[in-house]
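The values are calculated or read from the model by the stated rules, or taken from the named source; none is laboratory data. Computed from a predicted model, the values in this text were never measured in an experiment. In this analysis, Cβ positions are derived from the backbone assuming ideal geometry, glycine residues included, and neighbour counts consider all displayed protein chains. What goes into the accessible areas is simple: the full protein's heavy atoms, side chains included, and nothing from ligands, DNA or RNA. Shrake-Rupley method; radii C 1.70, N 1.55, O 1.52, S 1.80 Å.
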Amino acid sequence: WMKEKKKKKKPLVAADRVTPFDRWLGLDKDLEAELNDGVDQDVTYVDPSDASNYVSLSLVKPMGIAFVENEGGCGGVFVDEVLDSGSAASASPVLARGDQLVAVGSTLVLGWEFDATLDAIKASDDSATKLVLFRGPTSFLYGPTKASEEWYQENLL
């Protein structure tokens, strides 16, 4: 009977209700661990106002890139996968999963909805479509440290 009781897991406490007694029992440690699940603690700041954190490449269609819309209401799309079929498979620089699409040609698509972004790619009539992508997390690209539209026009487009 005692073994069964000891195996029961302590219930987690809501973050806004942690008491000194909860801390004494160690319940706040479980809550903190649960809140930090999926958060990459090794992420360092990637400056969205530094042009070296962007890649630019021109690709012919079909590109072979699977884009996915960002979560969290910030809009925009990122590279989910580079398919073997398409010009992106042999492109240089190599695209990486998580690269954030910033511009198509001279059009800033930062924060656009998925369909509108893909329409911008489809609408490109050039023989090769220029893509500009940010290599960093959305929290820096769309957060308080985001670059201004003027900065993009002057430095990347």
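What number goes with the only condition from (1) open to solvent by 70 Å² or more (accessible area, probe 1.4 Å); (2) in a loop (DSSP other than H, G, I, E, B) that M63 does not pass? Here M63 meets the rest and fails (1).
Number of residues in segment 66-105 that are open to solvent by 40 Å² or more (accessible area, probe 1.4 Å) and touching a Leu at 6+ places or on another chain (Cβ under 6 Å) equals 1.
Within the span defined as segment 110-130, every residue fails to be open to solvent by 30 Å² or more (accessible area, probe 1.4 Å), under 20 Å from T44 (Cα atoms) and among the hydroxyl-bearing types (S, T, Y).
Against the list (1) at pLDDT below 85; (2) more than 16 Å from S58 (Cβ to Cβ), the condition L157 fails is (2).
Pick out the one residue from E113, E71 that is of a type in the set (D, E, K, R) and either at pLDDT below 90 or closer than 15 Å to Y152 by Cα (or both). Even if it seems obvious, please write down each step before you answer.
Working: E113 fails: either at pLDDT below 90 or closer than 15 Å to Y152 by Cα (or both).
Answer to the selection: E71.
Of the set (1) open to solvent by less than 90 Å² (accessible area, probe 1.4 Å); (2) without any contact (Cβ under 8 Å) to a residue 40 or more places away in the chain; (3) closer than 19 Å to F67 by Cβ, all apply to G143 but (3).
Scanning segment 101-123 for residues that are closer than 17 Å to A66 by Cβ, β-branched (V, I, T) and either outside any helix (DSSP H, G or I) or touching a Cys at 6+ places or on another chain (Cβ under 9 Å) (or both) yields V104, V109.
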